[in-house]
Structures are given as structure tokens and as C-alpha cells.
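Here the structure comes first, spelled out in C-alpha cells, and everything after it is commentary.
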């Protein structure tokens, strides 16, 4: 008997659910308990990134280069990742958990 990928997913999903956000909250709580000011440190790094990106953008515009808005946007995204691992990661993982659990329930029967 040959098992396809869809059947394998359905077999794995039967009777079990995905809990990636719960796993991340466990990892994050262990990290913040071992490094108490980790959240503050990451927020300061994000703030420094934002300040540097905005100053660089304004200086480039003043020199007549027009500034690089794409560089500014990607720096702001990176700063957001640094600033909110306690918020952004759990949000994305909860969405992924919901999609995986929904897919497992649909394919599982």
C-alpha cells in the first residue's frame, strides 16, 4: 500500500493539534527568565535601528539622492521583529496553528 502526502498529513493530524504558539511562549519565558532585561535590550536595539534609518534617510534626501525608502521600510520591519518577539511571533504562530489545525480537521475527516 502506497501512502500519499495527503494521507500522511491526515494520519498525523488525527487526534492531535498543533501548538506552536504554546511552544514559543515556553521558549520566550525561559529566555526572559535567564536574561531578565532581554525585552528591554531588544527594544533598545529596535529604537537604535529606527533612529539610524530615519536619520540616514533624511540625510540622503538632503544631499539630493532622494533617499532610499525601500531601505527605510526593511529597517522598520527588522526593528519591529526586534521590538516585539513577545507579540509578533505568538501572533503569527497562532495563525499558523489555526491553519494547520483547520487543514488537519478537513483532511482528517
The range 16-40-the range 53-99 distance, computed between alpha-carbon centres (Å)
23
With the crude spin-label approximation of a point 7 Å out along Cα→Cβ, what separation in nm comes out for residue 19 versus residue 47?
3.6
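Would you mind ranking 29, 34, 18 by Cβ crowding within 10 Å, fewest neighbours first? Provide the component values of the computation, followed by the final result.
Working: 29 11, 34 8, 18 18.
Fewest-to-most Cβ neighbours within 10 Å comes out as 34, 29, 18.
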Two-site label geometry, residue 71 and residue 92: point separation in nm, points 7 Å out along Cα→Cβ
2.4
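Read-outs throughout are calculated quantities, based only on the coordinates presented, and are distinct from any laboratory measurement. As the structure is a prediction and not an experimental result, all values here were calculated from the model. Because the Cβ atoms are built from the backbone with ideal geometry, glycine has one as well, and the counts that use them run over all protein chains shown.
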